Amino acid sequence: MDRLPLKTWTLRAAWVGASLMAAAPAFAGEITIWCWDPNFNVAIMREAGERYTKAHPGTTFNIVDFAKADVEQKLQTGLASGTGNALPDIVLIEDYGAQKYLQSFPGAFAPMTKKIDYSGFAPYKVQLMTLEGETYGVPFDSGVTGLFYRRDYLEQAGFKPADLENITWDRYIEIGKAVEAKTGKKMTTEDLNDGGMTRIIMQSGGKWYFNDDGELDVTGNAALKGALDTQAKMVKAGIVKPATGWNDFVKGFTSGDVASVVTGVWITGTIKAQAAQAGKWGVAPTPRLDMAGATNASNLGGSSWYVLAKSKEKDEAINFLGAIYGKDIDFYQKILADRGAVGSLTAARSGAVYQQSDAFFGGEQVWQRFADWLAKVPPVNYGIFTNELDNAVTANLQALIAGKPVDAVLKDIEEQAKTQIQ
């Protein structure tokens with residue numbers, strides 16, 4: 001990822017009357033925050049900071065915008081040094097990397113088990129930031145997935161929205177064949193060199209590359225086996241338009257070349273940017289594997305906020321995250337309306353914005369649907385080597401498509417993974 005220009009926003013509130021000062025908790029200091037994406041994470045954190053200063057005059061927020069890769073590199077370097085002097089008070093960490101940081105740098109992050117009410121958050125988000133009975137961080141945005149589809153193409157092929165509700169992947173493939181036969185459109189697009197689809201299908205089956213104890217779980221993993229088999233079936237059925245890289249993937253569905261795409265809720269803004277397609281889209285639950293325990297809900301991506309244990313502003317940083325990200329329902333309504341951010345606080349699902357219908361999606365209550373699916377995403381252990389397993393999967397997926405038995409492919413994935421994670 002190319003590095004974004006460094007920007008620093010400082011939010012300062014003027015001191016107000018003594019009565020308001022007396023009513024606010026005795027916090028005062030500057031909280032430094034590292035995150036990425038100026039139009040999403042940074043902008044949302046600015047909104048959070050502004051809300052907090054209204055109740056805590058004198059508190060300032062130094063929100064530093066780096067490229068995601070730079071945040072990770074600087075955090076890694078700072079933690080490895082052991083001093084903590086060059087680290088922020090709060091840092092944004094992608095969910096897939098949370099356990100890697102927690103396990104690799106014990107004591108580096110402040111535990112919040114007794115300071116945040118985690119019962120109000122999506123369970124899968126809480127589990128990924130929990131280690132040895134302690135929970136760290138505050139859940140932020142969700143990557144809850146859905147089946148985005150072109151209503152017009154499906155209708156031409158003789159299908160109604162109800163025909164896409166809570167279907168299996170095998171049924172999805174059948175529908176895809178019919179859609180192509182009637183419309184000439186491929187059902188979906190996928191970059192087979194990206195592990196995203198494997199993760200979506202596998203997590204919907206309640207499994208990950210690692211078991212609950214963090215041990216490698218590949219050859220006996222029914223959900224992973226199903227995820228690989230499903231993708232091979234889709235390609236062999238001829239319903240997939242191959243993509244090379246992110247831009248090509250996005251072009252597949254924004255151009256109208258394919259009838260659907262299964263991915264995270266964060267793609268909604270990209271789809272809605274195609275104004276000429278308003279009213280032609282719909283959203284349905286993620287297809288599921290035909291196996292015990294599988295659900296029509298999954299996740300792709302997402303991140304959370306963590307407080308550094310050596311932060312001089314640790315207590316206030318935790319108080320800030322708890323007050324805004326842990327309780328402020330109106331905050332979640334605003335960032336959904338302004339930024340398309342589906343937060344992980346399940347209580348926010350009752351807000352008015354979530355219940356609004358969206359004409360672009362045929363009048364559906366799109367946000368409410370994603371919020372409902374969010375609560376059903378199976379919690380899994382992302383472990384500390386998700387990226388390495390992704391590499392092993394994508395390196396061997398083509399062999400499966402070419403006809404190699406799936407059990408042999410799983411064995412190859414496991415062997416390659418073992419060499420990468422030693």
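The values are calculated or read from the model by the stated rules, or taken from the named source; none is laboratory data. Quantities reported herein were computed from a predicted structural model and do not represent experimental measurements. Every residue, glycine among them, receives a Cβ derived from its backbone with ideal geometry; neighbour counts consider all protein chains shown. Note: areas computed on protein heavy atoms with side chains; ligands, DNA, RNA excluded. Shrake-Rupley method; radii C 1.70, N 1.55, O 1.52, S 1.80 Å.
Taking a ≥ b ≥ c as the square roots of the eigenvalues of the Cα gyration tensor of the range 352-422, is the shape rounded (a/c under 1.5), prolate (a/b larger than b/c) or oblate?
Here the range 352-422 falls in the prolate category.
Using a Förster distance of 51 angstrom, determine the FRET efficiency expected from the C-beta separation of A162 and D117, and round it to 0.05.
Approximately 0.85, to the nearest 0.05.
First select every other residue whose beta carbon is under 10 angstrom from the beta carbon of I318; then total the charges, Lys and Arg +1, Asp and Glu -1.
Charge balance near I318 sits at -2.
How much area per residue is accessible in the range 290-369 when the probe is 1.4 Å and only protein heavy atoms are counted (Å²)?
Per-residue accessible area for the range 290-369 comes out at 38 Å².
Using a Förster radius of 22 Å, what is the FRET efficiency between E155 and D257 based on their Cβ-Cβ separation? Nearest 0.05, please.
Calculated value: 0.80.
Once you order the gyration tensor axes a ≥ b ≥ c over the Cα atoms, which shape class does the range 134-197 get: rounded for a/c under 1.5, otherwise prolate or oblate by comparing a/b with b/c?
Note, shape of the range 134-197 comes out prolate.
Ratio of the range 89-146's C-alpha Rg to 2.2 N^0.38 Å, to two decimals?
Normalised Cα radius of gyration, the range 89-146: 1.09.
Can you work out ³J(HN,Hα) from phi for every residue in the range 294-304, in order, using Karplus 6.51 cos²θ - 1.76 cosθ + 1.60 and θ = phi - 60°, giving whole Hz and x for Gly and Pro?
Going residue by residue, I get 6, 10, 9, 8, 7, 8, 9, x, x, 8, 8 Hz, with x marking Gly and Pro.
By how many nm would the segment from S357 to K177 grow when fully extended, if each residue of separation counts as 0.36 nm and the alpha-carbon distance is taken off?
So the extension gain works out to 61.7 nm.
What is the set of long-range amide H partners of I31 at a cut-off below 5 Å, with H atoms built 1.01 Å from backbone N?
Counting only residues 5 or more places away or on other chains, the set is T60, F61, N62.
Spin-label point model (7 Å from Cα, Cβ direction): what's the W246 to D212 distance in nm?
Each label point lies 7 Å from its Cα, and together they span 3.6 nm.
What residues have an amide H closer than 5 Å to that of G143, excluding those fewer than 5 places away on the same chain, when H is modeled at 1.01 Å from N in the peptide plane?
L300
Roughly to the nearest percent, how much of the accessible area of the range 105-263 is carbon and sulfur, given a 1.4 Å probe?
46
Magnitude of the Cβ-charge dipole of the range 82-236, K/R +1 and D/E -1, about the Cα centre, nearest 20 debye?
560
In the chain, with Lys and Arg counted as +1 and Asp and Glu as -1 at Cβ, which of these residues, A122, F210, Y149, has the Cα nearest the positive end of the dipole, that is, farthest along it?
Looking along the dipole axis, the top candidate is Y149.
Using a Cα-Cα cut-off of under 15 Å, which aspartates and glutamates could be cross-linked to K327, ignoring same-chain neighbours fewer than 8 residues away?
Cα-Cα hits under 15 Å: E47, D117, D141.
Distances over 21 Å make up what percent of all Cα-Cα pairs in the range 301-410?
Value for the range 301-410 (Cα pairs over 21 Å): 60 percent.
So with the 1.4 Å probe, I'd like the accessible area per residue for the range 49-158, rounded to whole Å².
Per-residue accessible area for the range 49-158 comes out at 36 Å².
With label points built 7 Å along Cα→Cβ from the Cα atoms of M291 and T83, find their separation and express it in nm.
The two pseudo-label positions are separated by 4.9 nm.
How big is the Kirkwood radius of the range 131-266, worked out from every pair of different alpha carbons and given in Å to one decimal?
In the range 131-266 this quantity evaluates to 16.3 Å.
When N counts the residues of the chain, how does its alpha-carbon radius of gyration compare numerically with 2.2 N^0.38 Å, as a ratio?
Working it through for the chain, the quotient is 1.02.
Which one, I63, I239, I401, has the greatest fluctuation when you compute a Gaussian network model over the chain with C-alpha springs under 10 angstrom?
I401
About its Cα centre, what dipole magnitude does the range 324-422 give when the only charges are +1 on Lys and Arg Cβ and -1 on Asp and Glu Cβ, stated in debye to the nearest 20?
With Lys and Arg at +1 and Asp and Glu at -1, about 180 debye.
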